[in-house]
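Single-structure report; data block below.
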Amino acid sequence: MADTIAESDNNPKSSKVFNMDLEKQEGVVVVTPEEVEVFDYAKRAQWLRAAVLGANDGLLSTASLMMGVGAVKQDVKTMILTGVAGLVAGACSMAIGEFVSVYSQYDIELAQMKREGNTQDKNKLPNPYTAAMASAVAFSVGALVPLLAAAFIKDYKVRLAVVVAVVSLALLVFGGVGAVLGKAPFVKSSLRVLIGGWLAMAVTFGLTKLAGHVGV
């Protein structure tokens, strides 16, 4: 007979579980605890969230920049250089922003642990370095999608159409991944991300085109 008892220690998020094996030895019941480690999904959530948001930001912001510049400059070199600049600047910005944000959260939670005299779960706190790296890498991966889509197409109109089509497909994928991770409705979340992406690219393209016409 075996019962499973969760170790609480006033911590509802404890990841340790004990299997209590009951053995009979000369008429006496002996309880032997066997410690079993349970995977802590909370530690993975911090960098997973940063990775999904970073990839979506990289995809959309870089594509919008390329579409905006493409509204007034039709050569492929200008569009690609704009995308590369957006990738580098965005990845650095995401990494620094995520690092500062998560480090602030780390300091607050650690201070609370010290006040309560309970610091044994310090290793479960969010890691700012992991979150920053995940954001930067994910942003770069997302930004590469429109860059690769436009890199080898010389015709202006075809290039714009391919960028919109590839980015739209990627937005659906990222929206679906976010829905699965957040346990949200798959179709609704995917369409929301797609429509938002279309709106961002359209507004950037339209306003840049207008600014080019009025000579700003």
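In this simple spin-label model, placing a label point 7 Å from the Cα along the Cα-to-Cβ direction at both residue 77 and residue 173 gives a separation of 3.1 nm. Note on residue 103: accessible area is roughly 80 Å² with a 1.4 Å probe, heavy atoms of protein only.
Of all trypsin sites (Lys or Arg not before Pro) in segment 61-118, which ones are in loop regions per DSSP and have a Cβ with at most 16 other Cβ atoms within 10 Å? Answer by residue number: 73.
Determine, at each q value in 0.10, 0.12, 0.13 (inverse angstroms), the log₁₀ of I(q)/I(0) that the Debye formula gives when each Cα of segment 112-216 is one equal point scatterer. Log10 I(q)/I(0), no solvent term: -0.49, -0.64, -0.71. Set Lys and Arg Cβ to +1 and Asp and Glu Cβ to -1, take the dipole of segment 41-211 about its Cα centre, and tell me which of 102, 84, 129 lies farthest positive. Checking the options against the dipole of segment 41-211, the answer is 84.
Surface composition of segment 41-211: carbon and sulfur atoms hold 71% of the protein heavy-atom accessible area at a 1.4 Å probe.
Couplings for segment 109-119, taken from phi via the Karplus curve 6.51 cos²θ - 1.76 cosθ + 1.60 with θ = phi - 60°, read 5, 5, 4, 5, 4, 5, 5, 8, x, 9, 10 Hz in order; Gly and Pro are left as x. Model label points for residue 210 and residue 151, set 7 angstrom from Cα along the Cα-to-Cβ axis, are 3.5 nm apart.
Potential lengthening of the chain between residue 191 and residue 96 amounts to 31.2 nm, from the contour at 0.36 nm per residue minus the alpha-carbon distance.
Think of a 1.4 Å ball rolled over the protein heavy atoms: segment 41-211 then has 55 Å² of accessible area per residue. Evaluated at q = 0.08, 0.09, 0.12 Å⁻¹, a Debye calculation over the C-alpha positions of segment 41-211 (equal weights, vacuum) places log10 I(q)/I(0) at -0.30, -0.37, -0.60. Over the C-alpha atoms of segment 76-156, the Rg to Rh ratio, Rh being the Kirkwood estimate, stands at 1.28. Each residue of segment 73-86 is assigned a 3J(HN,Hα), and the resulting list reads 10, 8, 6, 5, 4, 4, 5, 5, 4, 4, x, 5, 4, x Hz, derived from the Karplus form 6.51 cos²θ - 1.76 cosθ + 1.60 (θ = phi - 60°), x at Gly and Pro.
The values are calculated or read from the model by the stated rules, or taken from the named source; none is laboratory data. Keep in mind that what you see is a predicted model, and the values were worked out from it rather than measured. For neighbour counting, all protein chains shown are included, and Cβ atoms are generated from backbone atoms with ideal geometry for every residue, glycine included. For the accessible areas, the whole protein counts, side chains as well, though only heavy atoms, and no ligand, DNA or RNA atoms are used. Shrake-Rupley method; radii C 1.70, N 1.55, O 1.52, S 1.80 Å.
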